[in-house]
1. Measure nothing but the geometry: give the 0 to 90° angle between the long axis through the Cα atoms of 395-413 and the longest principal axis through the Cα atoms of the chain, rounded to 10°.
2. With charges set only on the Cβ (+1 for Lys and Arg, -1 for Asp and Glu), what does the dipole of the chain come to about its Cα centre, in debye to the nearest 20?
3. What list of ³J(HN,Hα) values in whole Hz, one per residue of segment 376-389 in order, does the Karplus curve 6.51 cos²θ - 1.76 cosθ + 1.60 (θ = phi - 60°) give from phi, with Gly and Pro shown as x?
4. If you find the alpha carbon centre of segment 44-101 and of segment 181-250, how far apart are they in angstrom?
5. Work out, step by step, the length gained on full extension between T240 and H310: first 0.36 nm times the residue separation, then minus their alpha carbon distance; give nm to one decimal.
6. Taking only Cα atoms, what is the 0 to 90° angle, nearest 10, from helix 126-138's long axis to the longest principal axis of the chain?
7. Where does each of L180, L164 land when they are ranked from fewest to most other beta-carbon atoms within 10 angstrom?
8. Non-local amide H neighbours of L224 (under 5 Å, H modeled in plane, Pro and chain starts lacking H): which ones?
Amino acid sequence: MTMAHEPRRQPKRLHRTPKTSPGWPTPSRFDDDPYPGGPRILFVGHSDSSHTHAWVDLLKGAPFNVRVFALPDGIPPDDWPVRTYVTATTTAQLDPLTRERLYAADPVRRYPKKGYARFILRGPTLEERWLARLIRDWRPHVIHTLGLDPASAFYYGVRHTFDLQSIGRWVLHIWGGADLMPTRFDADAANRASAIMSECDQLLDDNEQGFNIARRLGVHADQLATIGIVPGTGGVEVDTIRELWNGPPSSRRVIVWPKAYECPWSKSLPVLEALTLCWDRIAPCDLYMLAVQPETRMWFHSLPERIKQHCHIAERIPRNEVLSLMARARVMLAPSLVDGTPNTLLEAMAAGALPIVSPLETIRSIVCDGEHVLFARNLYPDDIARALERAMCDDALVDRAAEANQLVVRRLADREVIGPRVRDWYMQLASSSPQGSA
């Protein structure tokens, strides 16, 4: 068994010279906008998420002043040059040209400490106060929150506590089905989501079902994003991924399981059981398990040795490595309980890998079983085993689906088409902002 682990991203030194990235302006000072007088866009969300990076990077090369307010659970990779307010307590040295930090790197100087600050303030946290201050000082034309909870809920609280409703247009970005699908069963969650969404100027989602749920929760038609339905990462680079192909997909013997999650949105244990049911009929092959969580890892070790020796495990790997691996895969395995339009589905379609996904409403509306994908319910190991066996044994199906999926992914998620639409949309939002014409 090969165990691959991504090292934690801890910068080893302080960058004394500005970092550069194609399309992003070279910073001189953190507070200097590269486009004085141009639209100012503030993103609030997980700064260590590849989804965040992919979406924000749609604005590379456009005349926008872009900053990110990071939630406290992580820091962005050192080589991502978008200016970021870091609220995580970290001892890492950060480039002062592209990072501002709330807490000092030296634990001795980190005062007041994060937990203690919450105790002594008995009110808004330091993170909330910092966000309010930068909104008042920088006065963004657009405030874009990535995800209903925690990003939008966090901003919603700050917005009311500090009376910030008059500053900027608020874009509330729903990512996938996890934000809204479960609210159908929980009245308290539905009421909370309704209160938050009722105040946004534009609600953005990657599937029509999300919009339908939002309407039922009281969101008005004029709040639904005028740009329509857009993939959560801003789409995929179809031509770039297509160039990674090496021969027909049916010649590949790799299965990629991108999210080996045991969580409310997907269950990994039925997948592990399915592997034991069908392995002898699908071998020889290699299985790459990515984003493996502790419970999945624990039960993985119970598999027979003949399976484990062909498995490769990683907690996290860079997105470009995921795409490269996907282009080597015959099958992309992603059964789930809740989903929007999965980014892994779109990436697999571009890479020529046959997706095995669950027959959720959000997925059935864009692909067909046996034509683009194979359906398998997440809680049913027999379903998953049958799908795996067919995918690994039916060469004609794999190659036929790969060509059909090229047409679908170009229509739904071509980043080269989506990028200009998104940039025009932001320009229109900024022009209508209470801050005045950008």
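Derivation of every value follows stated rules applied to the coordinates shown; laboratory data play no part. In this text, all values refer to a predicted model and were calculated from it rather than measured experimentally. Every residue, glycine among them, receives a Cβ derived from its backbone with ideal geometry; neighbour counts consider all protein chains shown.
1. In the chain, helix 395-413 runs at an angle near 20 degrees to the longest axis.
2. Using only the charged Cβ atoms, the result is roughly 1400 debye.
3. For segment 376-389, the Karplus-derived couplings read 8, 5, 5, 8, 10, x, 4, 4, 5, 4, 4, 5, 4, 5 Hz, x marking Gly and Pro.
4. That distance is 22 Å.
5. 22.3 nm
6. The answer is roughly 70 degrees.
7. On the way: L180 26, L164 18.
Exposure proxy ranking, most exposed first: L164, L180.
8. L203
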